[in-house]
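The values are calculated or read from the model by the stated rules, or taken from the named source; none is laboratory data. Predicted model, so just to flag it, every value in this text is computed and none were measured. With ideal geometry, Cβ positions are generated from the backbone for all residues, glycine too; neighbour counts draw on all protein chains shown.
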Amino acid sequence: MNAIDWEAKGKERLAEEFNKVCVSFPVFTKEAKPLGIGGFGIVIEHNDQTLTKILFKPGKEWGNYADKAFKNESDVMRLFTDNPLNGLNHPLLIDEPNVMENDEKYLGHYRMTHLEGHIISLHAPPNKVEPSILKRAHKSAGRMIAKFHREARKLPFEKLKQPPGHDGDEIKQISTLPAKTNEALAKANIYFQANKKEGIVHGDFHDGNILFDDDQEAVGLIDFSNTGRHKNIFVDLADMNEDYDEDFIQAYEDESGETIDRHMITATKLTLSTNYLYKLEISHGDGQEDMEKDLRKSIEKDLRNISTITGYHP
Ligand SMILES: Nc1ncnc2c1ncn2[C@@H]1O[C@H](COP(=O)(O)OP(=O)(O)OP(=O)(O)O)[C@@H](O)[C@H]1O
Ligand SMILES: [Mg+2]
């Protein structure tokens, strides 16, 4: 079987969505070009180089998640525009975000400044992106998120809400997993609950939301739909390429002067993987067997990694 070419698929989706956006927004797409696309939005570039992010209305299965995320993102962008974070490049709002009530396809849009830099796929297999590049990028990303945590702490706390995507504060047991695995998950959860740390998180800190320069220096941070208060600040440290976790975490420690409990990173990964597996199992969707299998494998691996806590030796 041929490997899926995600880059080509991404470009195809960007072009497709841009065409649709041009039909819905002929006035402001005039002389604009497509720039990037994520799970919930497309970003277009105007000829004065400012950008507009247009948010899609996702299917009913998402409930009102996307509306909440857009509301949160608009509020956070306003806050960051009024109180720019020291030493970090993030986009600034131009005008106020626009909510589109009663539109079938779109939730809203907002205009912002354009940041320099490009995305590096940190999870790419080593034959696609060189290890030395991945190493430098992870170190720089570690310093960036440490700065973000430090600067976000200085903001008026009451202006930040609990973000809508919020799976990172419990390790779940799953009825279809072996009893021994669930016992280990329960022990991991006790450790997790005793050591989690509250704070302001970016909430979606992964390689699609970091812009790098040509020396793999992280120079821009974007996408604040899940930024806000969180019971578990480690969610921002749990979505890098595992092979480079040590580079990432050490750089975080150097920048912040804090010591990070590695077990808590693994425990946080377990909050994400067990909640995700739980959701997949109750939704009984077709074609998700491979994903469930991968999640089971990663749960096993993480439990083994913290066997001093879980006593897990399968
Ligand atoms: N201010 C910016 N400067 C430069 N590029 C940007 C900027 N904002 C977004 N982009 C580009 O557009 C892409 C999608 O933007 P973004 O990550 O904000 O949307 P998204 O992932 O759909 O958001 P969400 O996670 O809310 O669904 C990014 O990966 C990036 O390539
Ligand atoms: Mg994004």
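Residue-wise test of (1) of a type in the set (Val, Ile, Thr); (2) at pLDDT below 95.
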{"residue": "Thr274", "(1), (2)": "yes, no"}
{"residue": "Ser283", "(1), (2)": "no, yes"}
{"residue": "Glu289", "(1), (2)": "no, yes"}
{"residue": "Arg296", "(1), (2)": "no, no"}
{"residue": "Leu303", "(1), (2)": "no, no"}
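Across the stretch 188-207, the number of residues qualifying as away from ligand 2 (no atom under 16 Å from the Cβ) and either over 18 Å from Arg143 (Cα atoms) or of a type in the set (A, V, I, L, M, F, W, C) (or both) comes to 12. Tallying residues that are more than 9 Å from ligand 1 (Cβ to nearest atom) and either more than 10 Å from the chain's Cα centre (by Cα) or free of Cβ contacts under 8 Å to residues at least 40 places away in the same chain (or both) within the stretch 211-236 yields 16.
One line per residue, one yes/no per condition, for (1) within 13 Å of Leu211 (Cα to Cα); (2) assigned by TED's automatic domain parsing to the domain that holds Glu246; (3) not in a loop (DSSP other than H, G, I, E, B):
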position	(1), (2), (3)
Leu107	no, no, yes
Ile120	yes, no, no
His123	no, no, no
His138	yes, yes, yes
Phe148	no, yes, yes
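Screening the stretch 83-109 for residues that are out of contact with any strand residue (DSSP E or B) (no Cβ under 9 Å at 6 or more places or on another chain) and touching a residue at least 40 places away in the same chain (Cβ under 8 Å) and picking the one that is nearest to Phe28 (Cα to Cα) gives Asp103. In the set (1) within 13 Å of ligand 1 (Cβ to nearest atom); (2) touching a residue at least 40 places away in the same chain (Cβ under 8 Å); (3) crowded, with 17+ Cβ neighbours inside 10 Å, the condition left unmet by Asp75 is number (1). Of the residues making up the stretch 208-238, those that are over 17 Å from Lys147 (Cα atoms) and within 15 Å of ligand 2 (Cβ to nearest atom) are Gly208, Ser225, Asn226.
Summed over the stretch 78-93, the residues that are more than 20 Å from Phe212 (Cα to Cα) and surrounded by fewer than 17 Cβ atoms within 10 Å (Cβ to Cβ) give a count of 4. If the condition is being away from ligand 2 (no atom under 16 Å from the Cβ), buried (at least 17 other Cβ atoms within 10 Å of the Cβ) and either under 18 Å from Thr113 (Cβ atoms) or within 24 Å of the chain's Cα centre (by Cα) (or both), then the stretch 1-45 contributes Phe18, Ala32. Scanning the stretch 127-155 for residues that are surrounded by fewer than 17 Cβ atoms within 10 Å (Cβ to Cβ) and closer than 30 Å to Trp62 by Cβ yields one hit, Leu155.
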